[in-house]
């Protein structure tokens, strides 16, 4: 049974604090992502946003630890959270934490001098991924299975698009600057989207099928 339908009324109140942390973590991921992409696309000096990225990512890391602490505490008391619920939360907070890490990887490309502002398609890719981060937070909070399926389909398309970018750059130099940076950025964006699809999969997939959408379509069973 999908995770969104396994929460009982008696445990909802106990999970409110955890849900709030998850929502905050995804919001912070969006901040890190936006700042990192502003370095690559908008000419923002990485030094000017270095501290905000660091502090925001640290909040994401602390959020992961706090969720785990609360799960352990609640699992140890009588009438605590059901085991499948614990497994889902443990899984998705790691995905959410990793999104911040890939945001920092994108920032590092800017630190190393990458400039993608001359590539209009990257603005559209940035907007699509940013929107997906925000919508994932909304969909998970609402356990909106219909929107989750829609975003999973869109996520699959993005994963394919990023693979095509990397494949083209590996096969042949396109004669334009920052080819290595573009290939790395595509891989980082692909991983961000993959982690978001993992979170979304918790809304529509049984516990044993979590991370199903992290696999390439041809590798899924």
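Residue 138 meets all of the listed conditions (1) outside any helix (DSSP H, G or I); (2) surrounded by 13 or more Cβ atoms within 10 Å (Cβ to Cβ); (3) free of Cβ contacts under 8 Å to residues at least 12 places away in the same chain but one, namely (1).
For residue 183, state whether it is at pLDDT 95 or above, part of a helix (DSSP H, G or I) and over 22 Å from residue 25 (Cβ atoms). When the stated conditions are applied, residue 183 passes them. Among the residues of segment 189-210, the one identified as outside any helix (DSSP H, G or I) and either more than 12 Å from residue 87 (Cα to Cα) or at pLDDT 95 or above (or both) is 205.
All of 77, 72, 93, 88 fail the test of being without any contact (Cβ under 8 Å) to a residue 24 or more places away in the chain, part of a helix (DSSP H, G or I) and either over 22 Å from residue 31 (Cα atoms) or touching a helix residue (DSSP H, G or I) at 6+ places or on another chain (Cβ under 8 Å) (or both), apart from 72.
Residues that are under 17 Å from the mean Cα position of the chain (by Cα), crowded, with 19+ Cβ neighbours inside 10 Å and assigned to a helix (DSSP H, G or I) occur at least once in segment 161-179. Taken together, 127, 108, 115 contain a single residue that is over 19 Å from residue 199 (Cα atoms) and more than 22 Å from the chain's Cα centre (by Cα), which is 115. Only one of the listed residues (49, 60) is free of Cβ contacts under 8 Å to residues at least 60 places away in the same chain, part of a helix (DSSP H, G or I) and over 30 Å from residue 205 (Cβ atoms). That residue is 49.
The values are calculated or read from the model by the stated rules, or taken from the named source; none is laboratory data. Quick caveat, the model's predicted, so the values are computed rather than measured. With ideal geometry, Cβ positions are generated from the backbone for all residues, glycine too; neighbour counts draw on all protein chains shown.
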